[in-house]
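Input: a single structure, listed below in structure tokens.
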Amino acid sequence: MNENELKELWKSEEANNLPNINFGHVQKSIEVWQNKLRGKIKFEFIVNALMLISLIPLSFIVPKFVYFVPIILLMTFWSYLKLWEIYKQETKPGDLINTKEFLEQKTKLLTNYMHKLRLIGYLVNVPIIVATMSVQATLQELYEHRVQMISIIVFLEIFVIIICEIYFRIMYIPVIKKSQELLEQLESED
């Protein structure tokens with residue numbers, strides 16, 4: 001084999017090993033995915049704002065609820081910060097590695113947000129329910145009816161968990177699955 005034959009062989013092997021990447025299609029898919037995520041985050045902002053507005057009359061009806069308003073405000077502020085962190089992150093046109101890192105980071109942020117919000121919602125829910133129930137009754141009355149109180153708390157907690165899971169399955173699970181599909185597509189094109 002002479003030098004020219006080796007060069008031709010090398011070029012043919014390089015051409016055969018190059019992945020067939022339609023990077024424009026992948027970038028377009030990521031832009032569509034990101035726009036859907038942004039729409040869902042905007043909706044989440046609106047839902048949080050409406051929930052905060054609905055707490056104003058509740059604070060007047062249930063005076064003991066006023067003690068939990070700072071906790072709820074802190075939770076909402078935390079939620080807004082995390083959602084804003086996810087919302088402001090944008091993909092920059094570039095190479096395949098940057099695009100993968102962007103998708104992985106955004107998916108990780110969204111998954112962490114979802115898990116932390118679940119945990120906070122489940123844990124803060126019980127004290128708020130107990131405080132709301134104790135408005136009409138004294139501690140002695142609550143103690144006397146503890147079985148009913150515990151069953152109401154368990155029922156309401158299960159109800160909140162079911163509503164949260166349905167909400168997450170509608171809002172964020174499809175976005176996370178699409179992100180994972182895009183990552184798998186990028187991996188297969190590597």
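Observations, loosely collected:
- When the range 1-46 is filtered for residues that are modelled with pLDDT of 75 or more and exposed (fewer than 11 other Cβ atoms within 10 Å of the Cβ), the ones remaining, listed by number, are Asn35, Ile46.
- Scope the range 89-127; condition surrounded by 12 or more Cβ atoms within 10 Å (Cβ to Cβ), of a type in the set (Val, Ile, Thr) and either over 25 Å from Val69 (Cα atoms) or at pLDDT below 70 (or both); matching residues: Thr91, Thr99, Thr107, Thr111
- Of the residues in the range 51-60, not one is assigned to a helix (DSSP H, G or I), in contact with a Lys or Arg (Cβ under 9 Å, 6 or more places away or on another chain), modelled with pLDDT of 85 or more and among the aliphatic types (A, V, I, L, M).
- Extreme residue, nearest to the chain's Cα centre (by Cα), among residues of the range 51-93 that are touching a residue at least 40 places away in the same chain (Cβ under 8 Å) and farther than 28 Å from Gly39 by Cα: Phe68
The values are calculated or read from the model by the stated rules, or taken from the named source; none is laboratory data. Note that the coordinates shown come from a computational prediction; the quantities given were computed from them, not determined experimentally. Every residue, glycine among them, receives a Cβ derived from its backbone with ideal geometry; neighbour counts consider all protein chains shown.
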